[in-house]
1. Scanning for something in contact (Cβ under 8 Å) with a residue 60 or more places away in the chain, within 30 Å of ASN329 (Cβ to Cβ), of a type outside the set (Phe, Trp, Tyr) and surrounded by fewer than 19 Cβ atoms within 10 Å (Cβ to Cβ), does region 174-197 turn up at least one residue?
2. Residue check: is TYR157 surrounded by fewer than 24 Cβ atoms within 10 Å (Cβ to Cβ), within 16 Å of VAL135 (Cβ to Cβ) and not charged (D, E, K, R)?
3. Among the residues of region 262-290 satisfying the criterion of being hydroxyl-bearing (Ser, Thr, Tyr) and modelled with pLDDT under 95, which is nearest to LEU180 (Cα to Cα)?
4. Of everything in region 208-252, what is acidic (Asp, Glu) and either more than 24 Å from SER317 (Cα to Cα) or touching a Cys at 6+ places or on another chain (Cβ under 6 Å) (or both)? Give them in sequence order.
5. Name every residue in region 96-144 that is assigned to a loop (DSSP other than H, G, I, E, B) and surrounded by 14 or more Cβ atoms within 10 Å (Cβ to Cβ), in order of residue number.
6. Given the conditions (1) of a type outside the set (Lys, Arg); (2) in contact (Cβ under 8 Å) with a residue 24 or more places away in the chain; (3) over 28 Å from ILE298 (Cβ atoms), and given that VAL260 satisfies all but one, which numbered condition is not satisfied?
7. Give just the number: which of (1) of a type outside the set (Gly, Ala, Ser); (2) surrounded by fewer than 19 Cβ atoms within 10 Å (Cβ to Cβ); (3) at pLDDT below 95 does ASP293 not satisfy?
8. Going through ARG310, ARG344 one at a time, which residue ends up being part of a loop (DSSP other than H, G, I, E, B), out of contact with any Lys or Arg (no Cβ under 6 Å at 6 or more places or on another chain) and modelled with pLDDT under 85?
Amino acid sequence: MTVIVTGGAGFIGSALVRRLNAQGRRVVTIDKLTYAGNPDNLAGLPQPDLHRFEQVDICDRAVIRRIYAETRPVAVYHLAAESHVDRSIDSPAPFIETNVTGSLVLLEAALEHWRGLDATAQGQFRHLQVSTDEVYGELGATGLFDENSSYKPNSPYAASKAAADHLARAFGRTYGLPVLVTNCGNNYGPYQFPEKLIPLTILNALEGKALPIYGKGEQVRDWIHVDDHAAALQMAVEKGRPGETYLVGARGEQRNIDLVHRLCAILDDLVPRQGSRKYAELITFVTDRPGHDARYAINPSKCEQELGWRPQYDLASGLKATVQWYLDNSAWCRRASQAYDRGRIGLGSQGLGKAG
């Protein structure tokens, strides 16, 4: 039986593909290979004969329909998305095109495919919309997001993901398509594109460059290792109830400034700087992101209780393993960095409104 993973050459998607492939599942990866999609993320799969790669834009209706017809998937994990908030601030249009229009194309293809199945196969099919906790806006000093939290997106990226979530739910309610939605916190781990906070901090520190912190670094995020997230996605498809939402979190709340200090301390132990200097000396505070949400935190109780999911990494062990991975994979880091100079974006003054 075949499953489709959209965005399977990206950070989270490739973690899921590697997991499914190692289990002997037949996987079709659909990825446009934009700047953050990297074929290197799928190199060395343990069972390459079970993996098929399609370089496709999810907005291409004809090709998406062809892939569904040829592969007849039992499940679709939809992760393909423009995902960086800073980029959405500078240029929102690509986020609407990929995250909204692309999600609609996939839902239409899934519905056509599902309607052509027999009753047994229809009951087994699942379409998973993989989303973010950012759709809920920001929390105050206390409280947690749960499945009943109201949608209040505050960035173009979050708004585009919220729209896709609503489309998925609408297809479930209106047409009966067996859809599920998961919303997750901030992921970290191997193969993450260096525009994100953790790999950016690690790679800049190793090169002796400034470690930029937005504002005062007091923003709180709920961190989860990417492999734990991938496990939750698989369990949502295989054990979750159609029409339901599951929030995925590892209870890893941390202020950005504290997270960067933890990374610096790990690097101090693993690769000390010359002259007993500390990596934390490289921390530099920069202008905050426009509309920056203050705090996210997730209550994962439903995911834990209904799916039986538990994270395998706590933040301390996960961060240490992540730093070590980047140290051990310098060639991957060099190739990934070719698409990004690690300069500041997201101030709202670059290319606003452009679609390309």
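1. Looking for residues that are in contact (Cβ under 8 Å) with a residue 60 or more places away in the chain, within 30 Å of ASN329 (Cβ to Cβ), of a type outside the set (Phe, Trp, Tyr) and surrounded by fewer than 19 Cβ atoms within 10 Å (Cβ to Cβ), one finds at least one in region 174-197, hence yes.
2. Working: surrounded by fewer than 24 Cβ atoms within 10 Å (Cβ to Cβ): no; within 16 Å of VAL135 (Cβ to Cβ): yes; not charged (D, E, K, R): yes.
So TYR157 does not fit the description; no.
3. Among residues in region 262-290 that are hydroxyl-bearing (Ser, Thr, Tyr) and modelled with pLDDT under 95, the one nearest to LEU180 (Cα to Cα) is THR287.
4. Listed by number, the residues that qualify are GLU238, GLU244.
5. LEU117, PHE125, GLY137, GLU138, LEU139, LEU144, listed by residue number.
6. Among (1) of a type outside the set (Lys, Arg); (2) in contact (Cβ under 8 Å) with a residue 24 or more places away in the chain; (3) over 28 Å from ILE298 (Cβ atoms), VAL260 violates only (3).
7. (2)
8. Numbers: ARG310 fails: modelled with pLDDT under 85.
Exactly one residue qualifies, and that residue is ARG344.
The values are calculated or read from the model by the stated rules, or taken from the named source; none is laboratory data. This one's a predicted model, so the numbers in the text were calculated from it and none came from an experiment. Note that each Cβ is placed from the backbone with ideal geometry, even for glycine, and that neighbours are counted across all protein chains shown.
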